[in-house]
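As structure tokens, the structure follows; a few thoughts come after it.
The values are calculated or read from the model by the stated rules, or taken from the named source; none is laboratory data. Bear in mind that the values here come from a model prediction, so they are computed numbers and not experimental data. Cβ coordinates were reconstructed from backbone atoms using ideal geometry, including for glycine residues, and neighbour counts include every protein chain displayed. The accessibility values were calculated without ligands, DNA or RNA, using every heavy atom of the protein model including side chains. Shrake-Rupley method; radii C 1.70, N 1.55, O 1.52, S 1.80 Å.
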Amino acid sequence: MNNQPLSVLTFPIWWYSEGLQLAWRHCIERCRFVVRSTGLVIFAKNLFQPMYGDTTKEGRVISFFLRVIMIVFLFAWTVLRLALAVALFGVHLVALPGVVIMIIYQLFNLAV
């Protein structure tokens, strides 16, 4: 459908075929970026490693608990950002019917 010009009749078909694929790919890439950018996996892998090379018992305990706190906050931040990415995909799904309903509502002045 890429080589055909969009019209009022073919736009809804494109919106839910190729447009939906593009939105889904963007959502997946956004989720991957969020997981990479927070460094959550790196924090989890280095949970038991001492920070700043402090190998004393106290340094290991402090490092462990500090990383646990960081993982909790990073996990919450990651979940919020992933929820936003999924919500934006949901907006893509309902945007076209919403616009059509609003156009019909405005044209025919339907009272609720």
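In this structure, does ALA23 turn out to be in contact (Cβ under 8 Å) with a residue 40 or more places away in the chain and either open to solvent by 50 Å² or more (accessible area, probe 1.4 Å) or at negative phi (or both)?
Judged against the criteria, ALA23 is a match.
From the residues in the stretch 62-110 that are in contact with a helix residue (DSSP H, G or I) (Cβ under 6 Å, 6 or more places away or on another chain) and of a type in the set (Val, Ile, Thr), which one is farthest from TRP24 (Cα to Cα)?
ILE71
Scan the stretch 102-112 residue by residue and report those that are of a type outside the set (S, T, N, Q) and surrounded by fewer than 12 Cβ atoms within 10 Å (Cβ to Cβ).
To start, the set of residues in the stretch 102-112 that are of a type outside the set (S, T, N, Q) comprises 102-105, 107-108, 110-112.
If the condition is that a residue be of a type outside the set (S, T, N, Q) and surrounded by fewer than 12 Cβ atoms within 10 Å (Cβ to Cβ), then MET102, ILE103, ILE104, LEU107, PHE108, LEU110, ALA111, VAL112 are the ones that fit.
Among the residues of the stretch 28-47, how many are β-branched (Val, Ile, Thr) and open to solvent by 40 Å² or more (accessible area, probe 1.4 Å)?
Just the residues of the stretch 28-47 that are β-branched (Val, Ile, Thr), to begin with: 28, 34-35, 38, 41-42.
When the remaining residues are screened for being open to solvent by 40 Å² or more (accessible area, probe 1.4 Å), the result is 28, 35, 41-42.
Selection size over the stretch 28-47: 4.
If you check SER7 against the conditions, is it under 30 Å from VAL100 (Cβ atoms) and free of Cβ contacts under 8 Å to residues at least 24 places away in the same chain?
yes
For the stretch 4-112, give me every one of the helices (runs of 4 or more DSSP H) that falls completely inside it and has 1 or more residues that are among the small types (Gly, Ala, Ser) and within 30 Å of the chain's Cα centre (by Cα).
Correct list: 18-38, 40-45, 57-108.
State which residue pairs qualify: first residue over 12 Å from LEU20 (Cβ atoms) and inside the stretch 83-98, second residue open to solvent by 60 Å² or more (accessible area, probe 1.4 Å) and not small (Gly, Ala, Ser) in any location, beta carbons under 7 Å apart, and separation of 6 or more residues or different chains.
Close Cβ pairs satisfying both conditions: ALA85/ARG30.
Can you report the number of residues in the stretch 68-82 which are free of Cβ contacts under 8 Å to residues at least 24 places away in the same chain and closer than 20 Å to PHE33 by Cα?
Adding up the residues that qualify gives 5.
Could you list all residues from the stretch 35-67 that are out of contact with any Lys or Arg (no Cβ under 9 Å at 6 or more places or on another chain), without any contact (Cβ under 8 Å) to a residue 24 or more places away in the chain and aliphatic (A, V, I, L, M)?
If the condition is that a residue be out of contact with any Lys or Arg (no Cβ under 9 Å at 6 or more places or on another chain), without any contact (Cβ under 8 Å) to a residue 24 or more places away in the chain and aliphatic (A, V, I, L, M), then VAL41, ILE42, VAL61, ILE62, LEU66 are the ones that fit.
Looking at the stretch 1-21, which of its residues are under 22 Å from VAL91 (Cβ atoms) and modelled with pLDDT under 80?
Result: LEU6, VAL8.
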